[in-house]
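Taking it in order: structure first as structure tokens, then the write-up.
The values are calculated or read from the model by the stated rules, or taken from the named source; none is laboratory data. Please read all numbers here as calculations on a predicted model, not as lab measurements. Backbone-built Cβ (ideal geometry, glycine too); neighbour counts: all protein chains shown.
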Amino acid sequence: MKQSELFSRTIKDAPKNEKSLNAQLLIRAGFIDKLSAGVYSFLPLGLKVLENIEKIISEEIEKIDGQKILMPGLVSKKNWEQTGRWKSFEELFKIKGSGGKEYALAPTHEEVVVPFVQKYIYSYKDLPCYVYQEQVKFRDEIRVKSGLMRTREFKMKDLYSFHISEDDLDKYYEKVKTAYFKIFERMGLKEKVYLTMASGGSFSDFSHEFQVSTSAGEDIIYVCENCKLAINKEIKQDYLKCSECGKEQFREEKAIEVGNIFKLGTKYTEPFNFEFVDKDSSKKLVTMGCYGVGHTRLMGTIVEIYNDKQGIIWPKEVAPFQVHLIALNSRDQAINNKIKKTAEKIYHDLRGRKKEVLYDDRVDKRPGEKFADADLIGIPLRVVISERTLEKDSVEIKERHKQEVRIVKIKDLRVLNNMLS
Ligand code: ATP
Ligand code: MG
């Protein structure tokens, strides 16, 4: 992508009404735009990051046999009444259609997925069943001051599993745990994420959260110093032993919940009388699990963790582009033409090798402005071509998270491959 054509613009000063670092940086760098409190648009750069997050999640969920579907966000009141959540789900957005018919904008999809899957499941032979979607959710959150980490409209991957027994659910639940760790590892959060025991909110008595440790987090967790299992403050008793290793030493940390998994049992299959015919011809209620992870919250969380004074530092797999190729303008037109020609050749070469490149071809920007924009946007690898580098048939290469600059001969640009993999 040529930066001169990119639908985006960097902004020097942080917007005054944004308190959170993630929103300040993402708005300044041209990734997102605020429509109203807790509601954001995504520019091409922001959408690319979101799509990368989505791709990682889909890939790992498909590895554990999840099949992608899409359910509606507009859901009749009667579905919510059937489970009692029309009244009990505090953040439910309720709207009235023509003729006074009432709906909710779905904050989660148990009320849709259960009667939906029910139509296709008859006997034990049809189970287990794993379906997921990556969709927009709506929640009427009271406080929205954490940028993308808490919004009223957000993107979530929600996976639902249906089983013949609790045993079968237990086995799948462990698989999901492993898949989630893989997802967070690929996003650069391996060292930061803790499996955390928590209450189940309106879903179940008990659940596991995936909490990422950051000072911008809204939750307090206690991390076992020995085995790294954590417990959410909301459920922690005054005196407690780690359920994993039995030790009693906990470290308190601020954290943000990026994922949450629940063994729902028959909590939602019962209200819809979702039964299957078992081997012995008896009818039994289907056992269920649900598993959520928030794309947009993850994007905000990654920015909170990976940044410096100059801007964002994207981990490789989620970065909007892999390479930021920057052509610095010279006052001499002949040299300028040569810089442009060489830069375009490198640009096409890299793209030919399937590298995602943002090419700063802007002619009206000074070197300082181009470097400042590159640091703010945070693409992992910067490649600079200028009058000075051309004299040596070279480019300057710098990784965003390092200080050192390397001079590499243009003919040796294949070294980029190693740095990018
Ligand atoms: P919280 O306790 O932070 O409000 P939650 O427990 O209500 O979150 P879940 O119902 O477990 O959230 O939703 C699954 C995932 O969806 C969360 O782990 C999070 O990643 C994401 N999520 C939930 N609410 C929001 C929100 N308001 N904005 C952005 N992402 C959200
Ligand atoms: Mg939760």
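Given (1) surrounded by fewer than 21 Cβ atoms within 10 Å (Cβ to Cβ); (2) of a type in the set (S, T, N, Q); (3) within 18 Å of the chain's Cα centre (by Cα), where does Asn17 come up short, assuming only one miss?
All conditions are met except number (3).
All but one of (1) touching a Pro at 6+ places or on another chain (Cβ under 9 Å); (2) farther than 30 Å from Val318 by Cβ hold for Phe31; state the number of the condition that does not hold.
(2)
With respect to the numbered conditions (1) closer than 21 Å to Ile183 by Cβ; (2) touching an Asp or Glu at 6+ places or on another chain (Cβ under 9 Å), which one is the sole condition not fulfilled by Leu298?
Among (1) closer than 21 Å to Ile183 by Cβ; (2) touching an Asp or Glu at 6+ places or on another chain (Cβ under 9 Å), the lone unmet condition for Leu298 is (2).
Could you tell me which of the residues Lys55, Lys137, Lys63, Lys68 is touching a Pro at 6+ places or on another chain (Cβ under 6 Å) and under 30 Å from Glu317 (Cα atoms)? It would help to see each step written out before you state the result.
On the way: Lys55 fails: touching a Pro at 6+ places or on another chain (Cβ under 6 Å); Lys63 fails: touching a Pro at 6+ places or on another chain (Cβ under 6 Å); Lys68 fails: touching a Pro at 6+ places or on another chain (Cβ under 6 Å).
Sole residue among the options that is touching a Pro at 6+ places or on another chain (Cβ under 6 Å) and under 30 Å from Glu317 (Cα atoms): Lys137.
Would you point out which residue out of Glu234, Glu248, Glu244, Glu209 is within 14 Å of ligand 1 (Cβ to nearest atom), acidic (Asp, Glu) and not in a strand (DSSP E or B)?
Numbers: Glu248 fails: within 14 Å of ligand 1 (Cβ to nearest atom); Glu244 fails: within 14 Å of ligand 1 (Cβ to nearest atom); Glu209 fails: not in a strand (DSSP E or B).
Among Glu234, Glu248, Glu244, Glu209, only Glu234 is within 14 Å of ligand 1 (Cβ to nearest atom), acidic (Asp, Glu) and not in a strand (DSSP E or B).
Kindly evaluate Lys284 against the criterion of being away from ligand 1 (no atom under 14 Å from the Cβ), assigned to a strand (DSSP E or B) and either modelled with pLDDT of 95 or more or crowded, with 18+ Cβ neighbours inside 10 Å (or both).
Values: away from ligand 1 (no atom under 14 Å from the Cβ): yes; assigned to a strand (DSSP E or B): yes; either modelled with pLDDT of 95 or more or crowded, with 18+ Cβ neighbours inside 10 Å (or both): yes.
In short, yes.
Is it the case that Leu74 is among the aliphatic types (A, V, I, L, M), without any contact (Cβ under 8 Å) to a residue 24 or more places away in the chain and surrounded by fewer than 17 Cβ atoms within 10 Å (Cβ to Cβ)? Full working, then the answer.
On the way: among the aliphatic types (A, V, I, L, M): yes; without any contact (Cβ under 8 Å) to a residue 24 or more places away in the chain: no; surrounded by fewer than 17 Cβ atoms within 10 Å (Cβ to Cβ): yes.
Criteria not met by Leu74.
Are any residues in segment 21-71 among the polar types (S, T, N, Q) and exposed (fewer than 14 other Cβ atoms within 10 Å of the Cβ), and if so, which ones? Talk me through it step by step, then tell me what you get.
We begin by selecting, within segment 21-71, every residue among the polar types (S, T, N, Q); these are 22, 24, 36, 41, 52, 58, 67.
Those that are among the polar types (S, T, N, Q) and exposed (fewer than 14 other Cβ atoms within 10 Å of the Cβ): Ser36, Ser41, Gln67.
Looking only at segment 164-193, which residues are away from ligand 2 (no atom under 14 Å from the Cβ) and of a type in the set (Ser, Thr, Tyr)? Break it down into steps so the answer makes sense when it comes.
Applying the first criterion (away from ligand 2 (no atom under 14 Å from the Cβ)) to segment 164-193 yields 164-179, 181-193.
Hits for segment 164-193 are Ser165, Tyr172, Tyr173, Thr178.
Of everything in segment 99-114, what is surrounded by 16 or more Cβ atoms within 10 Å (Cβ to Cβ) and either not assigned by TED's automatic domain parsing to the domain that holds Asn260 or not in a loop (DSSP other than H, G, I, E, B) (or both)? Give them in sequence order.
First pass over segment 99-114, keeping only residues surrounded by 16 or more Cβ atoms within 10 Å (Cβ to Cβ): 103-114.
Tyr103, Ala104, Leu105, Glu110, Glu111, Val112, Val113, Val114, listed by residue number.
Quick one: in segment 213-251, of everything that is of a type in the set (S, T, N, Q) and over 22 Å from Glu191 (Cβ atoms), which residue is surrounded by the fewest Cβ atoms within 10 Å (Cβ to Cβ)? Reasoning before the result, please.
Just the residues of segment 213-251 that are of a type in the set (S, T, N, Q), to begin with: 213-215, 226, 232, 237, 243, 249.
Cutting the leftovers down to over 22 Å from Glu191 (Cβ atoms) gives us 237, 243.
Numbers: Gln237: 7, Ser243: 11.
Per the criteria, the residue is Gln237.
Looking at segment 289-396, what helices (runs of 4 or more DSSP H) fall wholly within it and have at least 2 residues that are among the basic types (Lys, Arg)? Outline the logic, then answer.
Numbers: elements: 295-305, 333-352, 367-377, 387-391.
In segment 289-396, 333-352 are the helices (runs of 4 or more DSSP H) which contain 2 or more residues that are among the basic types (Lys, Arg).
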